[in-house]
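Written out below as structure tokens is the structure these notes cover.
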Amino acid sequence: MGDFVQYKLEDDLAIIQLNDGKANALGLDMIAALNAALDKAENEAKAIIVTGRPGVLSAGFDLKVMKSGPENTVKMVSSGAKLLARILGLGMPVIVASSGHALAAGALLTLTGDYRIGVEGDFKYGLNETAIGMTMPNFGIDLAIHRMGAHKLSHTILMAEIYDPADAAQIGYLDATFPADKLMDAAREKAQALMALDPKAYRNTKRKLRKSTVDKILNELDSDDLKIG
């Protein structure tokens, strides 16, 4: 995990930080590290905070892998889709505390959280796939519909519109924004509030709310177009 993800347990709260020292690209190593962190959290925590290094949550899938050929691209994007579906369906509270830019698959990551907060500032949120020559895969559309609503897809996906944190909260990538020095305190406070709910009722209700979307993402992966272009 160490070169890509830092993990810390605070009582019953797992804090998972994406931090590769760069753009936190979701390459195969980052995805594997995040899955390992989630394994650990599911064994010892009651809630999770997912965050990034200062200035960036994630800039999306690793473009270097995409340029290396269609086979590597499909492997990476398929692994990323399974990771996003896993987070979406986790049976415990998940807070996404976006520490900066969240673009493409990084923006999809915000959509997996039960509650999403972002740092105020000159940061960008958006699904810019059509702007970089990638057809949006089905799982990205499914996540956007689930968290933002179908009526917003033309702007967010088809037109690849980019938003600042305040507008991202209005469009549905985030639920609230905070100054940088308040972000993690706000995330911890929300996590504690969600942990105070009945855990069995929370888990079962979340499963009912999200199961159809999670199942759709996983069931359609084999037939989805996961290649660039």
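The values are calculated or read from the model by the stated rules, or taken from the named source; none is laboratory data. From a predicted model like this one, the values you see are computed outputs, not experimental measurements. No Cβ is skipped: glycine too gets one built from the backbone with ideal geometry, and neighbour counts run over all protein chains shown. Protein only, heavy atoms only, side chains kept; ligands, DNA and RNA dropped before computing areas. Shrake-Rupley method; radii C 1.70, N 1.55, O 1.52, S 1.80 Å.
From its DSSP helices (H runs of at least four residues, each -39,500 (n - 2.57)), the chain gives a residue-normalised ellipticity at 222 nm of -13500 deg cm²/dmol.
Can you tell me which lysines have their Cα less than 27 Å from the Cα of K208? Leave out same-chain residues fewer than eight positions away. Candidates past the 8-residue exclusion: K40, K46, K82, K152, K190, K200, K216.
For region 59-114, taking Cα atoms only, Rg and Dmax work out to 12.5, 37 Å respectively. Here's the picture: a label point sits 7 Å out from the Cα of S212 along the beta-carbon direction, and within region 123-167 the residues with their amide nitrogen under 14 Å of it are 142-143, 145-147, 149-150. By how many degrees, 0 to 90 and rounded to 10, does the Cα axis of helix 70-89 deviate from the longest principal axis of the chain? For helix 70-89, the angle is close to 30 degrees. In the chain, the longest principal axis of the Cα atoms and the axis of helix 199-219 are about 10 degrees apart. Using R0 = 30 Å, the C-beta based FRET efficiency linking H151 and D3 works out to 0.15.
Separation of region 13-89 and region 150-229, taken as the distance between their Cα centroids, equals 15 angstrom.
Give the longest segment of the chain that steers clear of GluC sites (Glu not before Pro) in DSSP loops with at most 16 neighbouring Cβ atoms within 10 Å, not counting the sites themselves. Value returned for the longest uninterrupted segment is 1-119.
Just want to confirm a number: the relative contact order over the chain, from Cα pairs under 8 angstrom separated by 6+ residues, in percent.
Values: 445 pairs, mean separation 47.0, N = 229.
Normalised by residue count, the contact order of the chain is 21 percent.
Counting only heavy atoms of the protein chains, get the accessible area per residue of the chain (1.4 Å probe) and round it to a whole Å² value. Let's see the in-between values first.
Details: 10340 Å² over 229 residues.
So the chain comes to 45 Å² accessible per residue, rounded to a whole number.
Can you tell me the alpha carbon radius of gyration of region 98-229 divided by the globular rule-of-thumb value 2.2 N^0.38 Å? The partial results should precede the final answer.
Details: Rg = 15.6 Å, N = 132, 2.2 N^0.38 = 14.1 Å.
Ratio of Cα Rg to 2.2 N^0.38 Å: 1.11.
Local charge for R116 was computed over the other residues whose Cβ lies under 9 Å away, with Lys and Arg +1 and Asp and Glu -1, and equals -1.
Can you work out the FRET efficiency for the pair T205 and K64, with r the C-beta to C-beta distance and R0 = 41 Å, to the nearest 0.05? Walk me through the numbers on the way to the answer.
Values: r = 40 Å, r/R0 = 0.98.
With R0 = 41 Å, the Cβ-Cβ based efficiency is 0.50.
With all protein chains in place and a 1.4 Å probe, the accessible surface of the chain carries 52 percent carbon and sulfur.
Looking at region 44-75, the trypsin sites (Lys or Arg not before Pro) that sit in a DSSP loop and have at most 14 other Cβ atoms within 10 Å of their own Cβ are K67.
Run through the DSSP bridge list for the chain and note the antiparallel percent, rounded to the nearest 5. If you can, show how the numbers build up before the last one.
Working: 8 of 31 bridges.
Counting DSSP beta bridges with both partners in the chain, the antiparallel share is about 25 percent.
Each listed q (0.10, 0.11, 0.14, 0.18 Å⁻¹) maps to a log10 I(q)/I(0) for the chain, found by the Debye formula over equal Cα scatterers with no solvent: -0.40, -0.49, -0.82, -1.45.
The modelled label-to-label distance for the pair N219/D164, using points 7 Å beyond Cα in the direction of Cβ, is 4.3 nm.
To the nearest ten degrees, helix 28-44 and the longest principal axis of the Cα atoms of the chain are 20 degrees apart. What you get for the chain, charging only the Cβ of Lys and Arg (+1) and of Asp and Glu (-1), is a dipole of about 460 debye around the Cα centre.
Under 18 Å of direct C-alpha separation, and excluding same-chain neighbours fewer than eight residues apart, K124 reaches these aspartates and glutamates: D62, E161, D164, D167, D175.
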